[in-house]
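The values are calculated or read from the model by the stated rules, or taken from the named source; none is laboratory data. Everything quoted here is computed from the prediction, not taken from an experiment. With ideal geometry, Cβ positions are generated from the backbone for all residues, glycine too; neighbour counts draw on all protein chains shown. What goes into the accessible areas is simple: the full protein's heavy atoms, side chains included, and nothing from ligands, DNA or RNA. Shrake-Rupley method; radii C 1.70, N 1.55, O 1.52, S 1.80 Å.
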Amino acid sequence: MSMYKKVDQKFDAALTSAEIQFEPVNPEVHSLENGVDVVYTLAPQLEKKPSSKTEADTTTKQSPWLPPDESLLVETLDDYSVVLNKYPVVKNHCLLVSKEHIPQALPLGEEDWATAIELLRTLNKESKTRHVGFFNSGVESGASVDHKHIQFVTIPEDFKPFPDTVKDTNDDEVYADNRVPFAHFIRNVPRNADADDLIFRYSQILGELLTRSFKTEFNKKTNDVHYNLVFTEEWILGVPRTKAKTDDGISINALGTIGMFLAKNESDLAIIKEKNLDLVKDVGYPFEKIEKHAPDFSGYTLY
Ligand code: AMP
């Protein structure tokens with residue numbers, strides 16, 4: 001049975017046995033004036049979901065994946081399990097979780113990338129629907145479980161995430177899209193890139209997250225890097241974060257950074273529709289242009 005079919009069947013079974021609660025909702029896709037797409041999803045079930053820094057499973061012992069619940073377990077791989085999200089926001093919302101406990105704040109390694117990209121390509125191919133992978137790292141990024149996990153959801157059919165412009169730029173460096181009001185880093189991914197190549201591109205984004213001026217400012221408070229990562233077969237996006245929720249109390253995770261907003265009630269939905277991507281600036285940093293500098297050796301004597 002194909003991986004996607006297993007996810008699909010397990011989801012339906014978990015729904016029937018009430019292991020997961022899910023009310024399908026219609027996402028509303030909207031194009032902003034500058035051409036950037038956003039999508040609003042009203043998901044009242046989010047009210048019931050544990051949030052970061054509250055009832056969340058934040059210790060090794062409390063991890064929900066030691067071991068994963070049989071009714072949510074889709075597939076066991078060498079060092080990972082594919083599981084269903086207990087609080088899904090879209091049908092077939094699934095996660096790749098490490099078998100052993102590994103802290104969520106550690107960077108993704110070569111095995112993580114190899115397994116994640118294979119799962120993404122398989123889900124895309126088998127479902128004939130485009131998916132995004134995402135990784136919330138650090139509590140200020142909106143992560144609620146401190147056990148390494150990468151999540152996967154389908155992208156609404158008529159929604160074009162803003163980093164898709166990477167296909168038109170032919171840019172072979174980290175770059176930022178100036179239509180977006182918050183600091184972010186995009187790196188293109190060639191078709192069939194292997195894990196080494198993905199690691200290289202991801203480490204370029206991590207380098208930016210670690211060393212740019214806003215990070216230095218943030219470093220005065222903490223040594224951790226809090227960031228969201230979103231990836232498709234075509235690109236990787238990294239967004240630095242300062243806090244998990246906006247001052248209006250709206251939680252933003254990696255999906256929010258590509259304009260996929262989830263509202264738990266009508267009043268949050270109204271705020272989201274008014275502020276759109278400025279919400280991400282509120283929980284991150286203002287847009288920064290990425291200067292491409294070549295090293296300047298003019299003051300050095302070369303031997
Ligand atoms: P994050 O909030 O980014 O750390 O992602 C953790 C995800 O795990 C959330 O989307 C939760 O809905 C999901 N989750 C929490 N508890 C469980 C559980 N017991 N089984 C499966 N998924 C869970």
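Points to keep in mind about this one:
- Thr115 vs. criteria farther than 30 Å from Pro44 by Cβ, among the polar types (S, T, N, Q), touching a residue at least 40 places away in the same chain (Cβ under 8 Å) and open to solvent by less than 50 Å² (accessible area, probe 1.4 Å): no
- Residue in segment 69-90 that is nearest to the ligand (Cβ to nearest atom), counting only those that are part of a loop (DSSP other than H, G, I, E, B) and open to solvent by less than 50 Å² (accessible area, probe 1.4 Å): Asn85
- Applying a threshold of 7 Å to beta carbon distances and a minimum spacing of six or more residues, or different chains, the list of pairs starting in segment 125-147 at a residue that is without any contact (Cβ under 8 Å) to a residue 40 or more places away in the chain and closer than 18 Å to Val90 by Cα and ending at one that is open to solvent by 10 Å² or more (accessible area, probe 1.4 Å) and more than 9 Å from the ligand (Cβ to nearest atom) reads Thr129/Thr154.
- Residues within segment 233-268 that are assigned to a strand (DSSP E or B) and surrounded by fewer than 23 Cβ atoms within 10 Å (Cβ to Cβ), tallied: 4
- Taken over segment 91-141, the criterion of being within 11 Å of the ligand (Cβ to nearest atom), within 20 Å of Phe159 (Cβ to Cβ) and in a loop (DSSP other than H, G, I, E, B) is satisfied by His93 alone.
Rundown of residues vs (1) farther than 29 Å from Pro27 by Cα; (2) in contact with a Ser or Thr (Cβ under 7 Å, 6 or more places away or on another chain), yes/no style:
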residue: Lys86; (1), (2): no, no
residue: Lys91; (1), (2): no, no
residue: Ser98; (1), (2): yes, no
residue: Gly109; (1), (2): yes, no
residue: Glu118; (1), (2): no, no
residue: Asn124; (1), (2): no, no
residue: His131; (1), (2): no, yes
residue: Pro161; (1), (2): no, no
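- Test: residue in segment 196-208 that is assigned to a loop (DSSP other than H, G, I, E, B), over 18 Å from Val39 (Cβ atoms), open to solvent by 70 Å² or more (accessible area, probe 1.4 Å) and at pLDDT 90 or above: no
- So Lys128, is it at positive phi, open to solvent by 60 Å² or more (accessible area, probe 1.4 Å) and at pLDDT 95 or above: yes
- Residue match in segment 146-162 (condition: crowded, with 17+ Cβ neighbours inside 10 Å, within 18 Å of Val280 (Cβ to Cβ) and modelled with pLDDT under 95): no
- Neighbours by Cβ (under 6 Å, 6+ apart or cross-chain): first from segment 275-303, assigned to a loop (DSSP other than H, G, I, E, B); second of a type in the set (Lys, Arg) and at pLDDT below 95: Val283/Arg241; Val283/Lys243; Gly284/Arg241
- Taking segment 269-303 as the range and being over 24 Å from Val132 (Cα atoms) and at pLDDT 95 or above as the test, the residues that pass are Ala270, Ile271, Glu274.
- Close contacts from segment 152-168, counting a first residue that is among the polar types (S, T, N, Q) and a second that is in a helix (DSSP H, G or I) and open to solvent by less than 30 Å² (accessible area, probe 1.4 Å), with Cβ to Cβ under 9 Å and a gap of 6+ residues or different chains, come to Thr154/Leu123; Thr154/Ser127.
- For Phe287, the criteria (1) closer than 26 Å to Thr154 by Cα; (2) open to solvent by 60 Å² or more (accessible area, probe 1.4 Å) hold in every case but one, which is (1).
- When residues in segment 1-38 are screened for being part of a helix (DSSP H, G or I) and open to solvent by 80 Å² or more (accessible area, probe 1.4 Å), 3 of them pass.
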